[in-house]
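Report on the structure given below.
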Amino acid sequence: MNKKSLLAAIGIAISSFGAMAQTQPIAIAIHGGAGTIEKSRFTPEQEKAYRAKLEEAVEAGYKVLESGGESLDAVTKAINILEDSPFFNAGKGAVYTYDGSHELDASIMDGRNRQAGAVAGVKTVRNPIDLARSVMENSVHVMLSGAGAEQFAKHQGFDFVDNSYFDTKHRYEALIKAKKKLDAANKTSKDYQAAHQALANEYKMGTVGAVALDKNGNLAAGTSTGGMTAKRFGRVGDSPIIGAGTFADNRSCAVSATGHGEYFIRYSVASDICARVEYQGKSIEQAGKEVINDVLMPIGGTGGVIIVDTKGNISMPFNTKGMYRASKSSSQDTQIGIFKDD
């Protein structure tokens, strides 16, 4: 091959590589919790406000991806916006424990290498997802809890807020209603488990999360929550549990879950979905629907998940009346949903 032909071949190779880089899909999906979300409960103004916040979060995350940023950064950015909003059960909008305080959980996972970080029961960290990421990147552990997690946050230079920062009127009203129901049930039975199971699902759900695929083909997932209204005894749900509420692996997909956490923990929901994709060759749509509808529903598990795969496909199945959700990809315009028929 002469010099002219060699240069031409190199030019074609470079052009082909550039075209491949440009066509590498990017995608992001977010959720703000699933549950008894009915249109009749919203004024037009409220619905508009919720949709606007979902749009703000998904667009912010997508902007990171579009500019060449990593999926981890996109996930963190989107979740920060949801954590800072009083609309959702995470960060500022966190529900109350039985004792009237707030205990927050979060986790994040990198699909490149299955590195992960999580925190549980933190009380004074404004954005728990940031602390979970710091655990992943700056510690030798995967999960830290309670006072130890906050001690680590101090070592990492985090700013702290008073626990009252997370107070909101509507969450406090929900606590009062839940405690009245629990106290009434306790008058006829001392069975705490039975009394709590009798609570409506709306008291047991609520989370925010994001999953993303970046231009380098890397997946990431993150989840953050205030937990369950009137929770006691340091209860920890699925959100900070890797494999239950959060999972990401470049060989399959990225998942963030929302729902009645005890079921998601027992059935390893997030990792189960990814395993079906990797080992059974199923699409994320098929795998997600199987786990949410065929595995969880028969045993009373309610909730939903958001999923993205390495091709930029997005699926957001849920078995409740609604799920706050939004998505955008290089092949799909922004989509925002709240109710079942959105």
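The values are calculated or read from the model by the stated rules, or taken from the named source; none is laboratory data. Keep in mind that what you see is a predicted model, and the values were worked out from it rather than measured. Here Cβ is always computed from backbone atoms with ideal geometry, including for glycine, and neighbour counts include all displayed protein chains. Keep in mind that these areas ignore ligands, DNA and RNA; they rest on the heavy atoms of the full protein, side chains included. Shrake-Rupley method; radii C 1.70, N 1.55, O 1.52, S 1.80 Å.
General observations
- With respect to the conditions (1) farther than 23 Å from Leu131 by Cβ; (2) open to solvent by 10 Å² or more (accessible area, probe 1.4 Å), Ile265 falls short on a single one, namely (1).
- Members of the range 89-106 found to be in contact with a strand residue (DSSP E or B) (Cβ under 7 Å, 6 or more places away or on another chain) and either farther than 14 Å from Thr124 by Cα or of a type in the set (Asp, Glu) (or both), listed by number: Asn89, Thr97, Tyr98, Glu103, Asp105
- Residue in the range 34-44 that is within 16 Å of the chain's Cα centre (by Cα) and open to solvent by 40 Å² or more (accessible area, probe 1.4 Å) present: no
- Residue count, the range 142-175 (criterion: acidic (Asp, Glu), open to solvent by 60 Å² or more (accessible area, probe 1.4 Å) and within 22 Å of the chain's Cα centre (by Cα)): 1
- Taking the criterion of being surrounded by fewer than 24 Cβ atoms within 10 Å (Cβ to Cβ), small (Gly, Ala, Ser) and closer than 19 Å to Ala220 by Cα, the residues of the range 271-327 that qualify are Ser271, Ala275, Ser283, Gly312, Ser315.
- Taking the conditions (1) among the β-branched types (Val, Ile, Thr); (2) in contact (Cβ under 8 Å) with a residue 40 or more places away in the chain; (3) within 22 Å of Gly217 (Cα to Cα); (4) out of contact with any Leu (no Cβ under 7 Å at 6 or more places or on another chain) in turn, Ile338 satisfies each one other than (3).
- Residue ID - farthest from His102 (Cα to Cα), chosen from residues in the range 125-137 that are touching a helix residue (DSSP H, G or I) at 6+ places or on another chain (Cβ under 8 Å) and either in contact (Cβ under 8 Å) with a residue 60 or more places away in the chain or outside any helix (DSSP H, G or I) (or both): Arg133
- Taking the criterion of being at pLDDT below 95 and open to solvent by less than 10 Å² (accessible area, probe 1.4 Å), the residues of the range 240-262 that qualify are Gly259, Gly261.
- Residue, nearest to Arg325 (Cα to Cα), within the range 243-263, restricted to residues that are over 13 Å from the mean Cα position of the chain (by Cα) and not in a loop (DSSP other than H, G, I, E, B): Cys253
- Test: residue in the range 47-55 that is aromatic (Phe, Trp, Tyr), over 16 Å from the mean Cα position of the chain (by Cα) and assigned to a helix (DSSP H, G or I): yes
- Within the range 138-222, helices (runs of 4 or more DSSP H) holding 1 or more residues that are in contact with a helix residue (DSSP H, G or I) (Cβ under 8 Å, 6 or more places away or on another chain) and modelled with pLDDT of 80 or more: 146-155, 169-188
- Test: residue in the range 129-141 that is within 13 Å of the chain's Cα centre (by Cα) and of a type in the set (Val, Ile, Thr): yes
- Selected residue [basic (Lys, Arg) and modelled with pLDDT of 95 or more] from Lys39, Lys48: Lys48
- Answer from Ser101, Ser67, Ser85 - the residue that is open to solvent by 50 Å² or more (accessible area, probe 1.4 Å) and over 14 Å from the mean Cα position of the chain (by Cα): Ser67
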